[in-house]
Amino acid sequence: MRAPLSIIIPTLNAEADLAATLASLMEGLQAGVIREVVVSDGGSTDGTVRLAETAGAKVVTGAPGRGGQLRRGVAASGGPWVLVLHADTVLEPGWCAAVQNAMAEGRVGYGQLRFRANGFAPRFVAGWANLRSRVFGLPYGDQGLLISRAAYDAAGGYPDIPLMEDVAMAQAMRGQLSPLGFTALTGAERYLQGGWVRRGWRNLVTLVRYLLGADPEKLAKAYRRR
């Protein structure tokens, strides 16, 4: 019987982060849980693709845009379960057992978010993200999303949009997603560059605008300009 779990990682010039993300998957490979790692690249000009291929990942390429990249990545995978990770998200040791338990019980969901940074601001922003996920059922992609292929297909898959693809998927699966007991450690570089309060506020405004019906293309353009 083949391993059940396909790991899907969207990338764009992610060479600096990808090695640590791939290394954190080793316990799943050693346990025989991971069937394949699929890196869906959006046109990297650094060493991302070379690094992924050297690590033994299957690489698919196409236009940039996380929604489309994830859709292509899942389509190229063969496992009955998929775990979607961002390229700067490292799974904390012990994740494999939590994922195995979830798959055995047929539960879909996400990890607990933590930032690879110290201080009050990282804890506060991560705490809000975890609260939002529990109360509103809206986890973001940097928390990791474990989903069965049956549930993925029933939800219609990731939409090919440049922003808010994780929220769109969460909305399509409203009421099904729950915390699964593993921790996702994600990079804090964008917050450190843009400021924790400023970036956190911008993310919240973008989320509210999307939920109110704003065009994801326009939101993405505004997001990139700031």
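The values are calculated or read from the model by the stated rules, or taken from the named source; none is laboratory data. None of these values were measured; they are calculated from a predicted model. Glycine gets a Cβ as well: all are built from the backbone with ideal geometry, and neighbour counts include every protein chain shown. The protein model used for the area step is the full one, side chains on, heavy atoms only, and it has no ligands, DNA or RNA in it. Shrake-Rupley method; radii C 1.70, N 1.55, O 1.52, S 1.80 Å.
If you check 97, 129 for being over 14 Å from the mean Cα position of the chain (by Cα) and either of a type in the set (Asp, Glu) or in a helix (DSSP H, G or I) (or both), only one passes: 97. Under the condition of being more than 23 Å from residue 152 (Cα to Cα), in a loop (DSSP other than H, G, I, E, B), open to solvent by less than 60 Å² (accessible area, probe 1.4 Å) and not hydroxyl-bearing (Ser, Thr, Tyr), the residues counted in segment 1-35 number 2. The single condition among (1) free of Cβ contacts under 8 Å to residues at least 12 places away in the same chain; (2) within 23 Å of residue 170 (Cβ to Cβ); (3) touching a strand residue (DSSP E or B) at 6+ places or on another chain (Cβ under 9 Å); (4) of a type outside the set (Phe, Trp, Tyr) that residue 5 does not satisfy is (1).
With the structure loaded, tell me whether residue 52 is within 27 Å of residue 163 (Cα to Cα), open to solvent by 20 Å² or more (accessible area, probe 1.4 Å) and assigned to a helix (DSSP H, G or I) or whether it fails that test. Taking the combined requirement at face value, the residue does not satisfy it.
Would you mind stating whether residue 181 is under 17 Å from residue 74 (Cα atoms) and at pLDDT 90 or above? Quick ask: steps written out before the conclusion?
Values: under 17 Å from residue 74 (Cα atoms): no; at pLDDT 90 or above: yes.
Here the answer is no, as residue 181 does not meet what is asked.
A single entry from 114, 107, 149 fulfils the requirement of being among the basic types (Lys, Arg) and within 14 Å of the chain's Cα centre (by Cα): 114.
List the pairs whose first member sits in segment 118-144 and is modelled with pLDDT of 90 or more, whose second member is assigned to a helix (DSSP H, G or I) and open to solvent by 90 Å² or more (accessible area, probe 1.4 Å), and whose Cβ atoms are under 7 Å apart, counting only residues at least 6 apart or on separate chains? Listed pairs, sorted by first residue: none to list. Just one residue in the set 110, 191, 140, 158 is farther than 20 Å from residue 84 by Cβ and open to solvent by less than 60 Å² (accessible area, probe 1.4 Å); that residue is 191. Within segment 69-86, the set of residues being open to solvent by less than 10 Å² (accessible area, probe 1.4 Å), among the hydrophobic types (A, V, I, L, M, F, W, C) and assigned to a loop (DSSP other than H, G, I, E, B) comprises 85 only.
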